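K.L.:
For reference, the structure I am asking about is given below.
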Amino acid sequence: MQMSLTFARDKRLPDILDRLSRAWPSPARPNAEPLSQLVFMVLVGGTPTAVALAVFQRLRQRFRNWGDLRDADPDVLLPVLRGVERVTDKATTLPRLLQAIETKRGELDLGFLEQWNSDEAMTWLCALPGVDATIAAATLSFSTLRKTVATVDQDSARPVRRLRLAPEGTPISALDRHIMERMPADWKAAELNRLYQGLTRLADKVCHRGKPDCKHCPLSDLCPTAANSTATILTFPGAAQS
């Protein structure tokens, strides 16, 4: 996203990224084309990634092109999407999402977003059915568009808050902006993707929703919450518990 910088760079971020990358290396994967990434992000919400990947593969086998999925009846989609969270909602949302893209652009293709800046692209995607800021950011960042956009979801938000990468009480919808303002000036989509993947693994392995396992956290000496021994269940405005 393009924005004015209102906070100083956080000098911990390069060290945080390095430690997370060493603790949980992420294999390099080719970026998906944008529409595939968007559909996958709609599927993965609330669902383990491995399950969502399996469902996405099943979806592509059943519907050979996006036009077939656009015209699919939700009742036909339900067994194909079996295993994802909120399956009934997603079976309804996916055709509506593709219909909206075609209505707006005249074709099922998001490649045009490469020419737009990140703010414009985020706004356009977030106006689509079933697309929130997390889905839009991941689509722009993880796809071949390679936009420099921070992605923060419900899980990665937990270590972001405990590391004080945003002011205490910041709602989840604003966490990405604070990371963008604090990150090194030379960071691009690749660094932000690795940061997101590392924070997600951190949240899963040690930075638990309840009492975190600070003893085994590779970032404990960088984390003010761990230093103050205040890492308990916390609540934040407009968000679920940390």
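K.L.:
Hey, does segment 18-28 have a residue that's open to solvent by 60 Å² or more (accessible area, probe 1.4 Å), closer than 16 Å to F142 by Cβ and free of Cβ contacts under 8 Å to residues at least 12 places away in the same chain?
P.N.:
Yes, segment 18-28 contains at least one residue that is open to solvent by 60 Å² or more (accessible area, probe 1.4 Å), closer than 16 Å to F142 by Cβ and free of Cβ contacts under 8 Å to residues at least 12 places away in the same chain.
K.L.:
Also, I was wondering about something else. Kindly check whether there is at least one residue in segment 176-190 that is under 24 Å from E85 (Cβ atoms) and open to solvent by less than 10 Å² (accessible area, probe 1.4 Å).
P.N.:
From segment 176-190, those under 24 Å from E85 (Cβ atoms) are 176; that's our starting set.
From the residues that got through so far, the ones that are open to solvent by less than 10 Å² (accessible area, probe 1.4 Å) too are none.
The answer is no; no qualifying residue exists.
K.L.:
Going through segment 218-233 one residue at a time, which ones are in a loop (DSSP other than H, G, I, E, B) and either modelled with pLDDT of 65 or more or under 15 Å from A203 (Cα atoms) (or both)? Before the answer, list the steps.
P.N.:
Narrowing segment 218-233 to residues in a loop (DSSP other than H, G, I, E, B): 218-219, 223, 228-233.
Residues satisfying the conditions are P218, L219, C223, N228, A231, T232, I233.
K.L.:
If I ask for residues that are more than 22 Å from D155 (Cβ to Cβ) and loosely packed, with under 13 Cβ neighbours inside 10 Å, which ones from segment 29-58 would you list? Reasoning before the result, please.
P.N.:
The first filter runs over segment 29-58 and keeps only residues more than 22 Å from D155 (Cβ to Cβ), leaving 30, 33-36, 57-58.
Result: P30, Q57.
K.L.:
So which of L77, L43, L59, L110 is in contact (Cβ under 8 Å) with a residue 24 or more places away in the chain and farther than 30 Å from R162 by Cβ?
P.N.:
Just a single option satisfies the conditions, and that option is L110.
K.L.:
All but one of (1) assigned to a loop (DSSP other than H, G, I, E, B); (2) surrounded by 14 or more Cβ atoms within 10 Å (Cβ to Cβ); (3) modelled with pLDDT of 95 or more hold for E107; state the number of the condition that does not hold.
P.N.:
Condition (2) is where E107 drops out.
K.L.:
Only one residue in A100, A137, A121 is part of a helix (DSSP H, G or I), buried (at least 23 other Cβ atoms within 10 Å of the Cβ), hydrophobic (A, V, I, L, M, F, W, C) and more than 12 Å from the chain's Cα centre (by Cα), so which one is that? Reasoning before the result, please.
P.N.:
Working: A100 fails: buried (at least 23 other Cβ atoms within 10 Å of the Cβ); A137 fails: more than 12 Å from the chain's Cα centre (by Cα).
Selected residue: A121, the only one of A100, A137, A121 that is part of a helix (DSSP H, G or I), buried (at least 23 other Cβ atoms within 10 Å of the Cβ), hydrophobic (A, V, I, L, M, F, W, C) and more than 12 Å from the chain's Cα centre (by Cα).
K.L.:
Of all residues in segment 140-158, which are among the polar types (S, T, N, Q) and surrounded by fewer than 23 Cβ atoms within 10 Å (Cβ to Cβ)? Even if it seems obvious, please write down each step before you answer.
P.N.:
Restricting attention to segment 140-158, the residues satisfying the condition of being among the polar types (S, T, N, Q) are 141, 143-144, 148, 151, 154, 156.
Hits for segment 140-158 are T144, T148, Q154.
K.L.:
I'm checking my understanding of the structure. Among residues of segment 191-223 that are open to solvent by less than 60 Å² (accessible area, probe 1.4 Å) and free of Cβ contacts under 8 Å to residues at least 24 places away in the same chain, which one is nearest to the chain's Cα centre (by Cα)? Explain how you work it out, then say what you get.
P.N.:
Our first condition is that a residue be open to solvent by less than 60 Å² (accessible area, probe 1.4 Å); within segment 191-223, this holds for 191-193, 195-196, 198-200, 202-203, 206-207, 210, 212-214, 217-220, 222-223.
Filter once more, keeping what is free of Cβ contacts under 8 Å to residues at least 24 places away in the same chain: 206, 210, 213-214, 217, 220.
Working: V206: 19, G210: 22, D213: 24, C214: 24, C217: 22, S220: 24 Å.
In this case the residue turns out to be V206.
K.L.:
In segment 144-165, which residues are in a loop (DSSP other than H, G, I, E, B), of a type outside the set (D, E, K, R) and over 29 Å from E114 (Cα atoms)? Give the steps one after another, and end with the answer.
P.N.:
Quick first cut of segment 144-165, residues in a loop (DSSP other than H, G, I, E, B) only: 144-156, 163-165.
Okay, now just the ones that are also of a type outside the set (D, E, K, R), so 144-145, 148-152, 154, 156, 163, 165.
Hit for segment 144-165 is L163, nothing else.
K.L.:
Let me ask another. When residues of segment 159-175 are filtered for being touching a residue at least 60 places away in the same chain (Cβ under 8 Å), open to solvent by less than 20 Å² (accessible area, probe 1.4 Å) and closer than 18 Å to D221 by Cα, how many remain?
P.N.:
Residues in segment 159-175 being touching a residue at least 60 places away in the same chain (Cβ under 8 Å), open to solvent by less than 20 Å² (accessible area, probe 1.4 Å) and closer than 18 Å to D221 by Cα: 5 in total.
K.L.:
Scan segment 124-134 for residues that are farther than 13 Å from L35 by Cα, not in a loop (DSSP other than H, G, I, E, B) and not hydroxyl-bearing (S, T, Y) and jot them down.
P.N.:
Residues of segment 124-134 farther than 13 Å from L35 by Cα: 124, 126-127, 129-130, 132-134.
Narrowing the set further to residues that are not in a loop (DSSP other than H, G, I, E, B) leaves 124, 126, 133-134.
Passing the criteria: W124, C126, A133.
The values are calculated or read from the model by the stated rules, or taken from the named source; none is laboratory data. Since this is a predicted model, take the numbers as computed values, not measurements. Note: ideal-geometry Cβ built from the backbone for every residue, glycine included; neighbour counts use all protein chains shown. Areas reflect the complete protein model, heavy atoms only, side chains present, ligands, DNA and RNA absent. Shrake-Rupley method; radii C 1.70, N 1.55, O 1.52, S 1.80 Å.
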